[in-house]
1. If each label sits 7 angstrom from Cα along the C-beta direction, how far apart, in nm, is B:I83 from its counterparts in the other copies?
2. Provide the per-residue ³J(HN,Hα) series for the range A:11-24, in order, calculated from phi with Karplus coefficients 6.51, -1.76, 1.60 and θ = phi - 60°, each as a whole number of Hz, with x at glycine and proline positions.
3. Which net charge results when you count Lys and Arg as +1 and Asp and Glu as -1 among the other residues whose beta-carbon is under 11 Å from that of A:R7?
4. Taking the Cβ of B:P68 as the centre, find all other residues whose Cβ is under 14 Å away and add up their charges (Lys, Arg: +1; Asp, Glu: -1).
5. Return the long-range amide H neighbours of B:F23 (sequence gap of 5 or more, or a different chain), with a cut-off of under 5 Å between placed amide H atoms.
6. Once every DSSP H run of n ≥ 4 in chain A is given -39500 (n - 2.57) and the sum is divided by its residues, what mean residue ellipticity at 222 nm do you get, rounded to the nearest 500 deg cm²/dmol?
7. If the chain between B:K29 and B:K89 were fully stretched, how many nm would it gain, using 0.36 nm times the residue separation less the Cα-Cα distance?
8. Taking each label point as 7 Å beyond Cα in the direction of the beta carbon, state the distances from B:I71 to the same residue in the other copies, shortest first, in nm.
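Please treat every number below as a calculation from the coordinates, not as lab data. On a predicted model such as this, the values are computed, not experimentally measured, just so you know. Positions of Cβ are backbone-derived with ideal geometry, glycine not excepted, and every protein chain shown enters the neighbour counts.
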Protein chains: 2
Amino acid sequence: MENSNTRVRIKVWIECETGETLFGEGQLKILEAIENYGSISAAAKSMRMGYRSMWGRLKKIEQRMGKPLLIRQKGGVSGGQSILTPEAKVMVHRFKQLQVRLNDVSGKIFKDIYLG
Amino acid sequence: MENSNTRVRIKVWIECETGETLFGEGQLKILEAIENYGSISAAAKSMRMGYRSMWGRLKKIEQRMGKPLLIRQKGGVSGGQSILTPEAKVMVHRFKQLQVRLNDVSGKIFKDIYLG
C-alpha cells in the first residue's frame, strides 16, 4: 500500500441531523447538467434520465434545501429554458470548493501517513 | 444548508491505479473484528457473516495487499485463535489515522466554506 501506484479516494456529502443527505455528488451532477444544457429535458437526456425522474429529483433537492433552484423561462424559439437561481449557483460553487479542497488535503494526509 | 444542524460526511478508501479498492471501511471492520474477537469464526459471527464468506474476504485483502494478515494458532482449550500480523496492525492503525484526520479537517473546511 506504500507504493506510488496507490491513492486515496474520498466521497463527500452534506447531511442533516437525521442522517438524510442534503447535498452530494448526485445533486451536484443534476444542477451542473442544467447549468450546462439550459433545460431540464436536455439535462435529463445528457444523464440518460427521464424528464419526470429528473423533475422529481429537483423537487426533492428544493424541498430539502428549502430554496428554489431554477428560474424557468417558458416558450420562445428554443422552447422552455431553465437556469439556476443565484442560490443554486452558490450551492454548486460551494460544494465543488468542498470537493476540491478535501481532495487536495486528503492526498497530503495520505502521503503523510503512508509515505512520510 | 448554512445552519448548524447540517454536517459534512466523508467516506475514504485507498485504491490502486486500476481503480480497485485496496483498503476501505469494509476491510477495516473485518480486521478490527478479528482483533477484538480473536478468531475468524467469532469475528464473522459478530458481523453476521458466514465463516467462509469472512475467510474469502480475508484472502482477497491479503492478495491485494500482498501481505499476510493473520497469525493462526490452532487448537488449545479455546479452539483456533487468530491474531493480526504486525503488518495488518499497521494497516488498521494507519487507515484509522487517515479517517480521523480527514474527518477532522473536513469539518473545518466545511465550516470555512459554508459558515465562514
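1. 6.8
2. 10, 10, 8, 10, 10, 8, 5, 7, x, 6, 6, 8, 7, x
3. Working: positive: A:R9, A:K111; negative: B:E15, B:E17.
Neighbourhood net charge equals 0.
4. Working: positive: B:K59, B:K60, B:R64, B:K67, B:R72, B:K89; negative: B:E62, B:E87.
Once positives and negatives cancel, what remains is +4.
5. The answer is B:I14.
6. Numbers: 4 runs with 60 residues, N = 116.
The per-residue figure over chain A is -17000 deg cm²/dmol.
7. Details: separation 60, 0.36 × 60 = 21.60 nm, distance 1.25 nm.
Length gained, B:K29 through B:K89: 20.4 nm.
8. Values, ascending and in nm: 6.8.
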